[in-house]
Each structure stands twice: as structure tokens, then as C-alpha cells.
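Trainee: What follows is a single structure, and I will ask about it in a moment.
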Amino acid sequence: MTLSAPLYIMGDIHGQYEKLTGLLRDARLVDDELSWMGGAARLWFIGDFFDRGPGAIETVDMVMRLQAEAADAGGQVEALMGNHEPLILAARRFGETRTARSGTFLWSWRRNGGDDNDLARLTSRHIEWLSSLPAMALVDEYLLIHADSTFYTSYGATIDQVNRALRTLLHTDDPPAWDHLLDQFSGRQEFLD
């Protein structure tokens, strides 16, 4: 894989599997059977696979598969954590546990477009993959993050520190820490000034 390989960045799939597969076919990154054909191309997803659409689990399954296929072909498929990944993980882990705001983790996820079918189909394999996603990445000269927010810096001073801290948090049973993360993720538009 070289830096001159084409770079594709895609965010906020929100369960729109059919639209995603159409875009990937049009970009000639996958073939008609949805197998990787992008060669050395690099494809980054910047979070929000879930909620608001019917194909979130199919999307996650495809991205997980494409990671291996692209690597075998000399390419790269990677994904970052968006705010909807910890939302569904918190709903699964903490359910009816109350949050600092009025409501529960499950209620908060549903309010943000959560689909009970996705929650029921979420496997331990999905959970481990989602819990291990980085929050930030430096790709060529671009800093990739999901949210236009500075909250990331509250978890560390470097990309590695932030990713390590959030990965650790997502493997804990600490509802207040999860609640705080979800609250921070909802703060946006800090880069408009």
C-alpha cells in the first residue's frame, strides 16, 4: 500500500446498506458480489453505521469482511467510531440503567433512531469489533475524526492516547463514564469559528 493509492472517506452510513453498496460499486471498490476490487485503494469509514436505516448489521458485516479482502489485495479498509456505535453498545450493555439526563441508555439509543432489530442481531463478534474501533486516525496529512468537537482532547494529548483511553472505556462497566462520553459526543460545531 502506498500513499499514492486512492483515498476514499465515507461517513454516516446510518443503516443505508443499499445506498452504500451502490456507492462502493460506482467507485469500483467492490464488484457485483460486493467483493473487494479496489486493489491498493484506501477506504475509511468515519463512524455511524447504525440507526435510522434497516441495514446496519449488514453494513458492519460487509465492512468487517472488506477489511480482510482489501488487506489481501494490498489495499486498506478501516473504520472509526462515531457517536452511534457507543450508543448501541451502551443500550446493549446497560439497557434500562438510568443516565444523568432523564431517561435510560436504551431510551437514549431509541430516541436517536435505534432499531430493536439491530440490537437483537448484534453478536459478540460485532461488539468486540465496534468496541475496538479507534476514535481518531492520521491518514496522509488528514486528521480523521467523526465529530466536529474538541472533546477528544479530554481523553489524551495524542491520537494513540485518545484511542487507547476510549477503547479502555468501551470495555468497562462504568455507566457514568459511558454517559459522559455520549454527552460529549453530542457537542458539535466547535470548529465553525
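The values are calculated or read from the model by the stated rules, or taken from the named source; none is laboratory data. Please read these numbers as outputs of a predicted model, since none were measured by experiment. When we count neighbours, we look across all protein chains shown, and the Cβ atoms used for this are built from the backbone with ideal geometry, even at glycine. When the accessible area is computed, the model is the full protein with side chains, heavy atoms only, and any ligands, DNA or RNA have been set aside. Shrake-Rupley method; radii C 1.70, N 1.55, O 1.52, S 1.80 Å.
Trainee: Select from region 5-105 those GluC sites (Glu not before Pro) which occupy a DSSP coil region and have at most 15 other Cβ atoms within 10 Å, ordered by residue number.
Mentor: On the way: sites: E18, E33, E58, E69, E78, E96; in loops: E33, E96.
Of the GluC sites (Glu not before Pro), the ones in loops of region 5-105 whose Cβ has at most 15 other Cβ atoms within 10 Å are E33, E96.
Trainee: For region 7-186, rounded, prolate or oblate, judged on the Cα gyration tensor with a ≥ b ≥ c (square roots of eigenvalues), a/c < 1.5 rounded, else prolate if a/b > b/c? Mind showing how you got there, number by number?
Mentor: Working: a/c = 2.14, a/b = 1.40, b/c = 1.53.
Here region 7-186 falls in the oblate category.
Trainee: Heavy atoms only, probe 1.4 Å: what % of the accessible area of region 7-186 goes to carbon and sulfur, would you let me know? Spell out each step's value before the answer.
Mentor: Values: 4080 of 8000 Å².
Of the solvent-accessible surface of region 7-186, carbon and sulfur hold 51 percent.
Trainee: Is the shape of region 1-77 rounded, prolate or oblate, going by the alpha carbon gyration tensor and its root eigenvalues a ≥ b ≥ c, with a/c under 1.5 for rounded and a/b larger than b/c for prolate? It would help to have the intermediate numbers written out before the result.
Mentor: Numbers: a/c = 1.94, a/b = 1.69, b/c = 1.15.
Taking the square roots of the gyration eigenvalues as a ≥ b ≥ c, region 1-77 is prolate.
Trainee: Next question. What are the residues whose amide H is under 5 Å from the amide H of L7, where those residues sit 5 or more places off or on another chain and H is modelled from the backbone?
Mentor: R42
Trainee: When only the heavy atoms of the protein chains count and the probe is 1.4 Å, how do Y142, Y152, Y8, Y17 rank by accessible area, highest first? Could the numbers behind the result be given before it?
Mentor: Working: Y142 110, Y152 5, Y8 80, Y17 45 Å².
Sorted descending by solvent-accessible area, the residues read Y142, Y8, Y17, Y152.
Trainee: Then there is this: Find the centroid of the Cα atoms in region 95-141 and in region 40-81, then give the distance between the two in whole Å.
Mentor: 17 Å
Trainee: Okay, next question. Only four residue types carry charge here, +1 at the Cβ of Lys and Arg and -1 at the Cβ of Asp and Glu. Report the dipole size of region 7-186 about the Cα centre in Debye, rounded to the nearest 20. Mind showing how you got there, number by number?
Mentor: Numbers: 16 positive and 27 negative charges, 87 e Å.
The calculation lands at about 420 debye.
Trainee: Per residue, how much accessible area does region 56-138 have with a 1.4 Å probe, in Å²? Before the final figure, lay out each step's value.
Mentor: Details: 3370 Å² over 83 residues.
That works out to 41 Å² per residue.
Trainee: With both bridge residues required to lie in the chain, what share of the DSSP beta bridges run antiparallel, to the nearest 5%? Walk me through the numbers on the way to the answer.
Mentor: Details: 6 of 14 bridges.
For the chain, the DSSP antiparallel bridge percentage is about 45.
Trainee: Order M64, M81, most accessible first, counting only protein heavy atoms with a 1.4 angstrom probe. Please list the in-between numbers first.
Mentor: Values: M64 25, M81 0 Å².
Ranked from most to least accessible, the order is M64, M81.
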